[in-house]
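No lab work stands behind these numbers, since they all come straight from the coordinates. The shown structure was predicted, so the numbers you read here are calculated from the model rather than taken from an experiment. Quick reminder, even Gly has a Cβ in these numbers, built from the backbone with ideal geometry, and neighbours come from all protein chains shown.
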Amino acid sequence: MAKRLPPLLALEAFDSAARHMSFKAAAAELHLTPSAISHRVRQLEQHLGLPLFRRLNREIRLTEAGQDYANTVRKAFDQVAQASTRLVLPRRTEELRLSAVPHFAASWIIPQLESFLDTQPGLRLFVESSPRNADFARDVVDAAVRYGSGRWPGLAATKLTDLSVAPVCAAKFRPEMRRPEDLGRHTLIHLTSFPDAWPRWLAAARIGMLKPKREIWVDNITQALDAAERGLGVALGVAPLIAPKLHEGRLIMPFRPLVPVEHGYWFVCRRADAARPRIVSLRDWLLGLMRQARDGMKPFEAPPRRKAG
């Protein structure tokens with residue numbers, strides 16, 4: 001035989017009145033009139049066959065049975081609310097997968113990531129760091145930060161920032177760095193992926209033949225900067241991403257010019273996803289980070305002053 005439940009609207013009215021100990025307050029909470037609350041509570045009392053409230057002149061009090069019943073009803077409502085939340089939350093959770101070149105991920109995305117996630121409740125973000133450009137046709141990826149020209153067929157690309165390079169080294173070398181030709185007395189740190197980077201910078205600085213003390217070759221910019229920071233030699237720092245290390249004094253930029261490189265960093269996604277709210281938020285957040293990076297470079301862009309004499 002099926003169990004006959006009390007009228008649910010009457011239970012709702014009773015629960016609210018018991019919590020507030022007031023028909024008037026319950027009416028305000030449920031957007032009803034006090035008389036409607038009173039009517040529903042009486043309906044419940046008739047269903048149960050006993051009084052739940054003692055009605056006094058200007059107040060109500062729970063009977064002993066009413067107090068026990070109110071505790072049980074509240075626990076039941078809480079359990080229903082919790083079960084409903086468990087069902088709804090997974091549907092509200094959205095996953096976003098971002099692929100980024102390693103130096104960009106390490107320098108800016110990871111250190112600043114909390115500021116983005118705080119604005120995106122329910123988002124589960126996966127960050128993949130890879131020098132290889134994600135294949136949107138085959139890989140599980142929603143967006144990417146790429147280095148390049150911005151011309152990728154079938155994809156929407158937004159330039160995050162232009163890039164330029166200049167020498168950076170540990171602060172201990174500052175006294176030895178009076179003019180660019182002094183680089184010849186130091187170790188130059190090269191990137192295997194950009195073998196012409198140093199020759200191009202030296203040409204822009206109008207330095208002819210330069211025979212460095214020694215040369216080191218590494219395969220990514222993070223390794224190059226770590227080596228420079230440890231005093232192993234002089235690397236080419238990529239502006240504006242180098243700004244935090246300069247502000248913190250972990251590296252110095254003894255010479256200009258800042259020489260533009262051919263390509264920049266781009267935010268890339270499928271064209272069909274370009275208007276997705278989460279994608280737009282991620283893109284705008286990254287654009288904001290790059291504005292912050294460029295502002296951080298401004299104190300270092302002017303050539304250092306030279307003492308007269």
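Below are the figures for this structure:
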quantity	calculated
Measure of compaction for the chain (Cα Rg per 2.2 N^0.38 Å)	1.71
Relative contact order (%) - criterion: Cα under 8 Å, at least six apart; region: the chain	18
Inter-part distance where the stretch 239-253 and the stretch 1-37 are each reduced to a Cα centre, Å	64
Prolate/oblate/rounded call for the stretch 164-261, Cα gyration tensor, a/c under 1.5 rounded	rounded
Kirkwood-based Rg to Rh ratio, the stretch 230-300, C-alpha trace	1.09
Nearest-ten-degree value, helix 34-48 long axis tilted from longest Cα axis of the chain	70
Part-to-part distance (alpha-carbon centres) for the stretch 45-63 and the stretch 129-161, which is given in Å	68
Among 247-253, 35-41, the order from most to least packed when residues are scored by Cβ within 10 Å on average	35-41, 247-253
Among 109-120, 177-188, the order from most to least packed when residues are scored by Cβ within 10 Å on average	177-188, 109-120
Tilt relative to the chain, helix 64-92 - C-alpha long axis, 0 to 90 degrees, to 10	30
Alpha-carbon gyration tensor eigenvalues x 5, square-rooted, for the stretch 8-91, Å	25, 15, 11
Length added when fully stretched, F194-R74, from 0.36 nm per residue minus Cα-Cα	36.5 nm
From phi via Karplus (6.51, -1.76, 1.60), per-residue ³J(HN,Hα) for the stretch 272-286 in Hz, x at Gly/Pro	5, 9, 4, 9, 4, x, 5, 5, 4, 5, 5, 4, 5, 5, 5
Helical contribution to [θ] at 222 nm, DSSP H n ≥ 4, -39,500 (n - 2.57), averaged over the chain, rounded to 500	-12500 deg cm²/dmol
Cβ-derived FRET efficiency at R0 45 Å, S84 paired with T158, nearest 0.05	0.70
